[in-house]
Amino acid sequence: MAFRFWCGECGFKTPWMGESQGAQRQLDHYVKQHPGIPAGGHVETDRRSPEGGFGFLHMAGIGLLLLIVVVLFRR
């Protein structure tokens with residue numbers, strides 16, 4: 001699962017990443033940009049991997065499309 005942390009004070013948001021890395025990056029932002037204010041905001045979650053990449057269904061869909069293209073051009 002991937003997470004994106006949003007600042008509660010400004011428009012800052014972290015990139016999609018692991019939960020602990022995102023929380024640390026948000027905390028670093030607060031220390032630097034909003035000293036003395038406790039970290040706030042909200043967190044978005046996404047079921048995809050923080051590393052990105054394609055899941056099985058994406059790869060199967062791409063394979064099926066390639067197969068269709070090959071069949072169409074063989075005629």
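When the chain is described by a simple charge dipole with +1 on each Lys and Arg Cβ and -1 on each Asp and Glu Cβ, the residue from 37, 22, 71 located farthest towards its positive end is 71. Rounded to 0.05, the FRET efficiency of the residue 58 and residue 19 pair, given R0 = 22 Å and the Cβ-Cβ distance, is 0.45. In a reduced charge model with +1 at each Lys and Arg Cβ and -1 at each Asp and Glu Cβ, the chain shows a dipole moment near 440 debye about its Cα centre.
Rounded to the nearest 500, the 222 nm mean residue ellipticity of the chain from helices alone is -15000 deg cm²/dmol, with -39,500 (n - 2.57) taken per DSSP H run of at least 4 residues.
When the residues 57, 66 are ordered by accessible surface, computed with a 1.4 Å probe over the protein chains alone, the sequence from largest down reads 57, 66. Looking at the chain, the accessible area is 78 square angstrom per residue; that uses a 1.4 Å probe and ignores ligands, DNA and RNA.
As a fraction of the 1.4 Å probe accessible area of the chain, surface on carbon and sulfur atoms comes out at 62 percent.
The values are calculated or read from the model by the stated rules, or taken from the named source; none is laboratory data. Small disclaimer: the values here were computed from a predicted structure and weren't measured. Because the Cβ atoms are built from the backbone with ideal geometry, glycine has one as well, and the counts that use them run over all protein chains shown. Protein only, heavy atoms only, side chains kept; ligands, DNA and RNA dropped before computing areas. Shrake-Rupley method; radii C 1.70, N 1.55, O 1.52, S 1.80 Å.
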